[in-house]
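Participant: Pasting in a structure now, in structure tokens, and then I'll have a few things to ask.
The values are calculated or read from the model by the stated rules, or taken from the named source; none is laboratory data. Because the structure is a prediction, the values reported are computed rather than measured. When we count neighbours, we look across all protein chains shown, and the Cβ atoms used for this are built from the backbone with ideal geometry, even at glycine. Each accessible area value is taken on the protein alone, full model and side chains, heavy atoms only, with ligands, DNA and RNA left out. Shrake-Rupley method; radii C 1.70, N 1.55, O 1.52, S 1.80 Å.
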Amino acid sequence: MSILAEKSFDNKAVMNQHETLFHRHPANPILTGKDWPYSMNSVFNAGATLLPDGSTLLLCRVEDRRGLSHLCVARSVNGVDGWQIDREPTLIPDVERYPEELWGIEDPRITYVPELKQYAIAYTSYSRGGPGVSLALTKDFRAYERLGVVMSPDDKDAALLPRRINGLWALIHRPMTPLGAHVWISYSPDLRHWGNHKLMLEARRGAWWDANKIGISPPPIETPRGWLMIYHGVRRTPSSSIYRLGLALFDLEQPEKCLIRGDSWMFAPEAEYERHGDVQDVVFPCGYTVAPDGDTINLYYGAADSSIALARGSIRGLLAWLDANGHSEHAHDRRQRHG
Ligand code: BMA
């Protein structure tokens, strides 16, 4: 055996490793259907935010025993346990006034908007025509003002940016188009009328982990270097699909411009509660909170469409990983690499 071969053999254990960016909380899953004060099927895909008193609020997607979803608030002082769950569903489909909510409301993403002094919730309204994107505003997660459908079906995985970009509100979303399931961004002067649609991040093709279908997961994280996006990629396999998470960074003032995109996924179903459930092999975060240190990120994710789990990471760590594991997304390089 040559010295080189011997060396690589010795290093095999070290070399066959990848960096762990998000550490699962030992109490996972932190919320399951057993915690619920009323009859339901499952709880997953929760939006998240910190309240002014420092406590954590989760807006959970609850699937009832008909298969239709509504939203329910859970509050906790430490964001891990001691959850106070609303005794009744918090936000239920209002089919009379919003017929697009006929088959339920799903996957809320919460953005606090300082200019409005309100939280904006982008959620999926499941209509006869398929899933669309709806917006609602709230000050307290008790009373809600619905703005109705803002992106018609088939569209989902939406999140509002917390401030205007060049005078316009910006919504990230994932329309299904003949071109595929890619992430787009659209702009609006008033949160109701949307246009100036721009392709933001394309699903890759072929054998890639994020081939054909991607979508934003929680709302983007504003960092001094750009909007940091955690997105999900769906790998279709002969027997099912695997939902994994990747990272990309976008220009602060021109958010459709991708600066760096990670090559590999950085979080994937591994734990039993992520691998098995109503839908196997799914990790699906819709929200995060940032600790007072400004760096620690608590990622709340749906696990196998059956429970809510928590994983902790560092924003600086995510950016460093992107620098080491990413590439720029210029059109030419993209075609060369992604096919
Ligand atoms: C996606 C969304 C999510 C769900 C995931 C896995 O398309 O509908 O709500 O968690 O599929 O089933």
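Participant: Among the residues of segment 181-219, what is the count of those that are farther than 21 Å from Val149 by Cα and open to solvent by less than 10 Å² (accessible area, probe 1.4 Å)?
Facilitator: Counting residues in segment 181-219 that are farther than 21 Å from Val149 by Cα and open to solvent by less than 10 Å² (accessible area, probe 1.4 Å) gives 6.
Participant: In segment 149-172, which residues are in contact with a Ser or Thr (Cβ under 7 Å, 6 or more places away or on another chain) and assigned to a strand (DSSP E or B)?
Facilitator: Listed by number, the residues that qualify are Val149, Val150, Lys156, Ala159, Leu160, Leu168, Trp169, Leu171.
Participant: Sticking with this one: For segment 133-158, what are the residues that are open to solvent by 60 Å² or more (accessible area, probe 1.4 Å) and of a type in the set (S, T, N, Q)?
Facilitator: Ser152
Participant: Among (1) touching a helix residue (DSSP H, G or I) at 6+ places or on another chain (Cβ under 6 Å); (2) more than 20 Å from Leu102 (Cα to Cα), where does Ser42 come up short?
Facilitator: Only one criterion in (1) touching a helix residue (DSSP H, G or I) at 6+ places or on another chain (Cβ under 6 Å); (2) more than 20 Å from Leu102 (Cα to Cα) is unmet by Ser42, namely (2).
Participant: Among all residue pairs at least 6 apart or on different chains, which show Cβ distances below 8 Å where the first residue, located in segment 199-213, is touching a residue at least 60 places away in the same chain (Cβ under 8 Å) and the second is open to solvent by less than 10 Å² (accessible area, probe 1.4 Å) and part of a loop (DSSP other than H, G, I, E, B)?
Facilitator: Sorted first by the residue in segment 199-213, then by its partner, the pairs are Arg204/Asp210.
Participant: Looking only at residues in segment 204-224 that are in a loop (DSSP other than H, G, I, E, B) and closer than 25 Å to Leu135 by Cβ, which one is nearest to the ligand (Cβ to nearest atom)?
Facilitator: Checking each candidate, the answer is Ser217.
Participant: Open to solvent by 10 Å² or more (accessible area, probe 1.4 Å) and part of a strand (DSSP E or B) - does that describe any residue in segment 93-105?
Facilitator: No, the conditions are met nowhere in segment 93-105.
Participant: State yes or no: is Glu100 within 21 Å of Leu160 (Cα to Cα), away from the ligand (no atom under 15 Å from the Cβ) and free of Cβ contacts under 8 Å to residues at least 60 places away in the same chain?
Facilitator: yes
Participant: Could you tell me whether Glu329 is at pLDDT below 95 and surrounded by fewer than 23 Cβ atoms within 10 Å (Cβ to Cβ)?
Facilitator: Against the criterion (at pLDDT below 95 and surrounded by fewer than 23 Cβ atoms within 10 Å (Cβ to Cβ)), Glu329 qualifies.
Participant: When residues of segment 77-92 are filtered for being in a loop (DSSP other than H, G, I, E, B) and free of Cβ contacts under 8 Å to residues at least 60 places away in the same chain, how many remain?
Facilitator: 11
Participant: Can you tell me which residue in segment 137-162 is farthest from the ligand (Cβ to nearest atom), limited to those that are under 13 Å from Ser127 (Cα atoms) and of a type in the set (Gly, Ala, Ser)?
Facilitator: Of everything passing the filter in segment 137-162, Gly148 is farthest from the ligand (Cβ to nearest atom).
Participant: Could I ask something else about it? Being of a type outside the set (Val, Ile, Thr) and either within 30 Å of Asp64 (Cα to Cα) or touching a Phe, Trp or Tyr at 6+ places or on another chain (Cβ under 7 Å) (or both) is true for just one of Gly294, Gly302. Which residue is that?
Facilitator: Going through Gly294, Gly302 in turn, just one is of a type outside the set (Val, Ile, Thr) and either within 30 Å of Asp64 (Cα to Cα) or touching a Phe, Trp or Tyr at 6+ places or on another chain (Cβ under 7 Å) (or both): Gly302.
Participant: Taking the options Tyr123, Tyr119, name whichever one is modelled with pLDDT of 95 or more, of a type outside the set (Gly, Ala, Ser), outside any loop (DSSP other than H, G, I, E, B) and more than 16 Å from the ligand (Cβ to nearest atom).
Facilitator: Tyr119
Participant: State which residue is farthest from the ligand (Cβ to nearest atom) when the search covers only segment 163-177 and only residues that are under 12 Å from Lys213 (Cα atoms) and surrounded by fewer than 16 Cβ atoms within 10 Å (Cβ to Cβ).
Facilitator: Thr177
Participant: Then there is this: Go through segment 42-63 and report how many residues are among the acidic types (Asp, Glu) and away from the ligand (no atom under 15 Å from the Cβ).
Facilitator: 1
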